[in-house]
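Engineer: Right, I'll just put the structure down here and ask away after.
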Amino acid sequence: MAKSALITGITGQDGSYLAEYLLDLGYDVFGMVRRSSTETLERIEHIKNKIEFVQADLLDQASLDKALQTSSPDEIYNLAAQSFVPTSWSQPVLTAEFTGLGVTRILESMRHFAPDAKFYQASSSEMYGKVREVPQTEMTPFHPRSPYAVAKAYGHHITVNYRESYNLFAASGILFNHESPRRGREFVTRKITDGVARIKLGLAENLALGTLDAQRDWGFAGDYVRAMHLMLQQDQPDDFVVATGSTHSVREFLEIAFDHVGLKYEDYVVQDPRYMRPAEVDQLIGDNSKARQILGWEPTVTFEQLVKMMVDSDLQLLGG
Ligand code: NAP
Ligand code: F7E
């Protein structure tokens with residue numbers, strides 16, 4: 001019999017890649033969606049007929065209970081969250097509700113209605129924040145620097161706690177930044193590649209950004225959803241860092257992206273204080289040894305390939 005999976009956040013970047021991946025593996029895929037006055041299925045348009053949708057919201061316990069009962073999943077991937085760091089300063093309580101308490105709500109539903117399922121929590125490298133060691137491992141202490149990161153730290157700890165309290169199979173993937181042509185346009189990578197394409201095609205004159213010095217360990221989202229799945233195929237639930245192991249600055253991203261279309265970023269990028277954060281995460285770099293050794297996972301897309309893939313996709317989308 002085919003395995004079944006429930007994906008929360010299926011309309012997001014990771015949800016769309018994970019749904020594709022699980023459908024290819026022969027899973028019955030259930031996608032949790034929240035009610036919206038406009039269509040949010042753009043990223044899964046091409047596979048939406050193969051997905052069974054269940055309507056629920058991370059804020060609403062009864063709807064989550066119903067989603068778990070209806071889908072009766074073998075695997076639950078909790079990808080839904082308010083995931084944009086700047087919004088977490090303007091909506092800190094809502095972020096805590098979605099990104100933090102939402103995890104407890106879904107774990108409670110699982111405990112009552114699908115205790116034998118395997119659960120994946122989308123934890124984040126943002127939890128390391130003002131980093132205590134370089135590179136970051138599963139054992140590195142957290143020092144979150146935004147309300148988003150604080151909420152994710154809560155989500156991570158409650159996942160570990162439900163594993164230990166109720167013997168649930170609850171795994172947490174500490175994923176470093178991962179990007180793709182499906183990344184939301186407000187995140188810096190997509191903002192840059194969309195901006196580069198617009199400038200190249202004469203649709204924009206410049207690109208306003210915040211700090212160019214921040215460094216991130218950027219990987220490809222398509223690679224990272226494989227790691228999520230692998231975590232739920234193990235005999236024991238555990239926590240895993242998923243990262244490439246190399247770090248690059250926003251400036252380096254800009255250089256490759258503009259160079260790819262024969263332009264120089266210095267001629268177009270302007271710095272705008274509106275995009276500076278109250279507290280910044282200066283540098284992240286992950287140690288992926290545990291994922292390599294235990295999951296047999298490794299990334300396949302390099303930083304340069306990722307940047308060029310995203311620029312090419314945005315050029316094509318804008319008709320270039
Ligand atoms: P994303 O593109 O922002 O997608 C977020 C998803 O959550 C969307 O499907 C959204 O639905 C859904 N959602 C938000 N609030 C909800 C609510 N109250 N009830 C139900 N669904 C809700 O995020 P992503 O980049 O795919 O990331 C997936 C997960 O991994 C997130 O939890 C994120 O915080 C975490 N993460 C991401 C990264 C990264 O670099 N991408 C790294 C580490 C961890 P709508 O379409 O209705 O808005
Ligand atoms: O910022 C700097 C910004 O918004 C990256 C989320 O998926 O990954 C993501 O969080 C860096 C920061 O991602 C702009 O200050 C400069 O230092 O693309 P970002 P993020 O904050 O790292 C983690 C792992 C998650 O879990 C999150 O959900 O780029 N930066 N100028 C800018 N950032 C943005 N967004 N816009 C700018 O104009």
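The values are calculated or read from the model by the stated rules, or taken from the named source; none is laboratory data. These numbers come from a predicted model, not from an experiment. Here the Cβ is made from the backbone with ideal geometry for all residues, glycine too, and neighbour counts use every protein chain on show. Just the protein is used for accessible areas: all its heavy atoms, side chains included, with ligands, DNA and RNA removed. Shrake-Rupley method; radii C 1.70, N 1.55, O 1.52, S 1.80 Å.
Engineer: Tell me the carbon and sulfur percent of the accessible area for region 246-303, rounded to whole percent, probe radius 1.4 Å.
Structural biologist: Taking all protein chains in place, region 246-303 shows 46 percent carbon and sulfur surface.
Engineer: Shape call for region 1-76 from the C-alpha gyration tensor, a ≥ b ≥ c root eigenvalues: rounded (a/c under 1.5), prolate (a/b greater than b/c) or oblate?
Structural biologist: Working: a/c = 2.05, a/b = 1.10, b/c = 1.86.
Taking the square roots of the gyration eigenvalues as a ≥ b ≥ c, region 1-76 is oblate.
Engineer: Same structure again: Between region 6-39 and region 48-65, how many Å separate their Cα centres?
Structural biologist: Taking the Cα centre of each part, region 6-39 and region 48-65 sit 10 Å apart.
Engineer: Another question, if that's okay. Stretch residue 255-residue 164 to full length: gain in nm at 0.36 nm per residue minus the Cα-Cα span?
Structural biologist: Value of the extension gain: 28.1 nm.
Engineer: HN-Hα J couplings of region 134-142 from phi, Karplus 6.51/-1.76/1.60, θ = phi - 60°, integer Hz, Gly and Pro as x?
Structural biologist: Once θ is set to phi - 60°, the couplings for region 134-142 become 10, x, 8, 10, 5, 9, 5, x, 8 Hz.
Engineer: Please list, in chain and number order, the residues 5+ apart from residue 178 or on another chain whose amide H is under 5 Å from its amide H, with Hs placed from the backbone.
Structural biologist: 219
Engineer: Return the distance in nm (one decimal) between the two label points of a simple spin-label model at residue 48 and residue 317, each offset 7 Å from Cα along Cα→Cβ.
Structural biologist: The answer from the label model is 1.7 nm.
Engineer: Could I ask something else about it? Kindly provide the helix-only [θ] at 222 nm of the chain, computed as the sum of -39,500 (n - 2.57) over DSSP H runs of four or more divided by all residues, to the nearest 500 deg cm²/dmol?
Structural biologist: Estimated from H runs of four or more residues: -11000 deg cm²/dmol.
Engineer: I'd like the distance separating the alpha-carbon centroids of region 170-232 and region 284-301, in whole Å.
Structural biologist: Between the Cα centre of region 170-232 and that of region 284-301, the gap is 19 Å.
Engineer: While we're on this one: Could you pull out every residue, at least 5 positions away or on a different chain, whose amide H is within less than 5 Å of the one on residue 241? Hs are placed 1.01 Å off N in the peptide plane, and Pro or chain starts have none.
Structural biologist: For residue 241, the qualifying residues are 138, 174, 291.
Engineer: With θ taken as phi - 60° and the coefficients 6.51, -1.76 and 1.60, list the Karplus ³J(HN,Hα) couplings across region 4-18 in order, rounded to whole Hz; mark glycine and proline as x.
Structural biologist: 3J(HN,Hα) across region 4-18, in whole Hz: 10, 9, 9, 10, 8, x, 5, 7, x, 4, 5, x, 5, 5, 5.
Engineer: Continuing with this model, one more query. Can you tell me the 0 to 90 degree angle between the C-alpha axis of helix 61-71 and the longest principal axis of the chain, rounded to 10?
Structural biologist: 80
Engineer: Right, next: Write down the Kirkwood hydrodynamic radius of the chain, to one decimal in angstroms, obtained as one divided by the mean of 1/r over all alpha carbon pairs. Don't jump to the answer; show the numbers that get you there.
Structural biologist: On the way: mean 1/r = 0.0498 Å⁻¹.
Every distinct Cα pair counted, the radius reaches 20.1 Å.
Engineer: Could you tell me whether region 194-235 comes out rounded, prolate or oblate from its Cα gyration tensor? Rule is a ≥ b ≥ c as square roots of the eigenvalues, rounded for a/c under 1.5, then prolate if a/b exceeds b/c, otherwise oblate.
Structural biologist: Values: a/c = 6.27, a/b = 2.42, b/c = 2.59.
It is oblate, given that a/c is not under 1.5 and a/b is not larger than b/c.
Engineer: Moving on to the next point. What list of ³J(HN,Hα) couplings, whole Hz, do you get for region 233-242 from phi and the Karplus terms 6.51, -1.76, 1.60, once you set θ to phi - 60° and write x for glycine and proline?
Structural biologist: Computed from phi, the couplings for region 233-242 are 9, 7, 6, 10, x, 7, 10, 9, 7, 10 Hz.
Engineer: Pull up the DSSP beta bridges for the chain and report the antiparallel fraction as a percent, rounded to 5. Working shown, then result.
Structural biologist: Working: 2 of 38 bridges.
Once the DSSP bridges in the chain are tallied, antiparallel ones form about 5 percent.
Engineer: For residue 124, list long-range residues whose amide hydrogen, built 1.01 Å from N in the peptide plane, is under 5 Å from its own amide hydrogen.
Structural biologist: Amide H to amide H, under 5 Å and 5 or more residues apart or across chains, residue 124 pairs with 175.
Engineer: For residue 270 and residue 211, calculate 0.36 nm times their separation in residues minus their Cα-Cα distance, and state this gained length in nm to one decimal.
Structural biologist: That pair, residue 270 and residue 211, stretches by 20.2 nm at full extension.
Engineer: Given the Cα-Cα distance of residue 305 and residue 203 and 0.36 nm per residue of separation, how much length would full extension add, in nm?
Structural biologist: Values: separation 102, 0.36 × 102 = 36.72 nm, distance 2.47 nm.
Length difference between fully extended and current span is 34.3 nm.
Engineer: Now a separate question. State, to one decimal in nm, how far the label point of residue 246 lies from the label point of residue 25, with both points 7 Å from Cα in the Cβ direction.
Structural biologist: About 2.8 nm, to one decimal.
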